[in-house]
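The values are calculated or read from the model by the stated rules, or taken from the named source; none is laboratory data. Source: prediction; values computed, not measured. Here the Cβ positions follow ideal geometry from the backbone for every residue, glycine too, while neighbour counts run over all protein chains shown. For accessibility, only protein heavy atoms count, side chains too; no ligands or nucleic acids. Shrake-Rupley method; radii C 1.70, N 1.55, O 1.52, S 1.80 Å.
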Amino acid sequence: MNLQGHSIIGNASAAGTGKAAHATNPATGESLSPDYLEVSEAQANEAVAKAAAAFPIYRKSSSADRATFLRTIAEQIEARGDELAERGPLETGLPKGRIRMETGRTCGQLRLFASVAEDGSWVDARIDHADPDRQPIPKPDVRSMLQGLGPVAVFCASNFPLAFSVAGGDTASALAAGCPVIVKAHHSHPGTAEIVGQAVQAAAQKCGLPDGVFSLLYGGGRTVGAALVRHPSIRAVGFTGSLAGGRALMDLAAARPEPIPVYAEMGSLNPVFILPGAMAERGQAIAEGLSGSVTLGVGQFCTSPGLVVAANDDDTAQFVTTLAEKQQEAAPGVMLNSSIHDAYESSVTQLQEHKAVKALATPAKQKGCLADPALFEVAATDFIGDTTLSSEVFGPSTTVVKHGSEAELLDLAKSLEGHLTGTVHGTEADLVANRDLIDVLETKVGRLIFNGYPTGVEVCQAMVHGGPYPATADGRSTSVGTQAIYRFARPIAYQGFPQSQLPPELQDANPLGIAQMIDGKRTV
């Protein structure tokens, strides 16, 4: 492992000139070398300038060339798998198995978007032929397709050092769309970021791509991050993190002379609704599975179930008893960094001190970044309208909300803000009897799960990892699955162009063999 502590600006390695920072092992408190110096404004501007210069070339690259680039990135990351498995746990406290799993997922995402780029049908090519005889006026020849927006700034996530970071889904989808990417590394895992950044840089050079198609910068969100978002050549932003962080970027982007989209994933309670039939049939099994989901990864998944809704009856009382036992039995885990750990302890303390909340599993004070699971209970009448109870607790904690009637259940569902997921445990009869609940949840979440658990996001064509605000900045988008590419593209129409001057995707001969819509009819 040869870590330099340098940023990557296109094909060059760049030593920062500003404030030094280093990773800290959350399990031991040990400082990890090397130091990573913040880049200057001039260096950040250089990275954007290179990306802007690379864009006209890269956006015209063939779908086959982009696919080759993405697959080469995956190969370069896999070649560094042992390095990642060594460095990743030191910086995050995550086990080696999790780092290797996430490495595999990251490479799988890259190859998935390679297949999307290679297929080419994502551009939604539409052809409306001319009709000179149409009355009262002739119809012109109009054709449209999606094309990349331009340079994209991507912010690494704290909780996924690979899959939502340097070469994660935001980067993969932007590159597939033909957009150069500038990544701002996360301060918690800079070494992991450097290893992956070197892999992407090596792939770009191996594929002969223009200097600036990829850069990786170190520095603070309020300095380097803000400079990227404000830069007039940046055309979109990808972000995974807190609501406060996402809102700050959204506000910066909106205040620009030319506003740009920010695709921010900002947190979620991921409510779980347990209906009476399921509770009576398998309440204990649901409690066991739910505790496993809440404590998975020390509760540091964006889809961790932080809210459980059930009827106030004897079956639920037994369910709560079992869930409390499982939460108390679960071992403490190391959280990603001291800031996340301190925020978790603060949130748990706030719930413990809330007069309407009953603590059922209370974390013990642990050293360093260790955190115990927690469990709380509150009545639906107290929960509805109390924003302190509907705030995300990022960690291994969940709150059971008991309702006294179907009307209360619906009122609670309607009171929810936007979330990434909503889970329903029930029988078929439960679903029929609670169709109104499903109708409400369809307007509140990006993914509905039946008789399962929200942790675990399948990377596939149909996945939606998004949701109405404040789960995401734009509820029409997803950060996982192939539809993520649409965030970084815009439609452009060509009217009256000769065949020879049209993009190949819009030519009548269809040399790429992609799906097209011709005069209102889809072709295969």
Worksheet entry | Unique residue being without any contact (Cβ under 8 Å) to a residue 60 or more places away in the chain and of a type in the set (Lys, Arg) when the list is Arg222, Arg235 | Arg222
Discussion item. Suppose we filter the range 121-157 for residues that are assigned to a strand (DSSP E or B), in contact with a helix residue (DSSP H, G or I) (Cβ under 7 Å, 6 or more places away or on another chain) and β-branched (Val, Ile, Thr); how many remain?
Written reply: 3
Worksheet entry | Which listed residue, of Leu175, Leu146, Leu162, is open to solvent by 10 Å² or more (accessible area, probe 1.4 Å) and of a type in the set (A, V, I, L, M, F, W, C) | Leu146
Fill in: Only listed residue being farther than 22 Å from Ala324 by Cβ and touching a His at 6+ places or on another chain (Cβ under 6 Å), chosen from Cys460, Cys369
Cys369
Item to complete: Tell me, please, whether a residue that is part of a loop (DSSP other than H, G, I, E, B), in contact (Cβ under 8 Å) with a residue 60 or more places away in the chain and touching a Lys or Arg at 6+ places or on another chain (Cβ under 9 Å) can be found in the range 422-435.
Response: no
Item to complete: Give the range 51-71 a look and list any residue that's open to solvent by 30 Å² or more (accessible area, probe 1.4 Å) and under 19 Å from Ala172 (Cα atoms), or say none.
Response: Ala52, Phe55, Pro56, Ile57, Arg59, Lys60, Ser62, Ser63, Ala64, Asp65, Thr68, Arg71
Practice prompt. Of the numbered conditions (1) surrounded by 21 or more Cβ atoms within 10 Å (Cβ to Cβ); (2) among the hydrophobic types (A, V, I, L, M, F, W, C); (3) touching a Gly at 6+ places or on another chain (Cβ under 8 Å), Ile449 fails exactly one; give the number of that condition.
Written response: (1)
Item to complete: Identify, from the list Thr349, Thr387, Thr399, Thr321, the residue that is open to solvent by 10 Å² or more (accessible area, probe 1.4 Å), of a type outside the set (Phe, Trp, Tyr) and either in contact with a helix residue (DSSP H, G or I) (Cβ under 8 Å, 6 or more places away or on another chain) or assigned to a strand (DSSP E or B) (or both).
Response: Thr399
Response to the item:
Selection from the range 415-469 of residues hydrophobic (A, V, I, L, M, F, W, C) and touching a Pro at 6+ places or on another chain (Cβ under 9 Å) yields Leu416, Leu420, Ala433, Leu441, Val445
Worksheet entry | Tally of residues being farther than 17 Å from Ala167 by Cβ and surrounded by fewer than 24 Cβ atoms within 10 Å (Cβ to Cβ) across the range 189-226 | 9
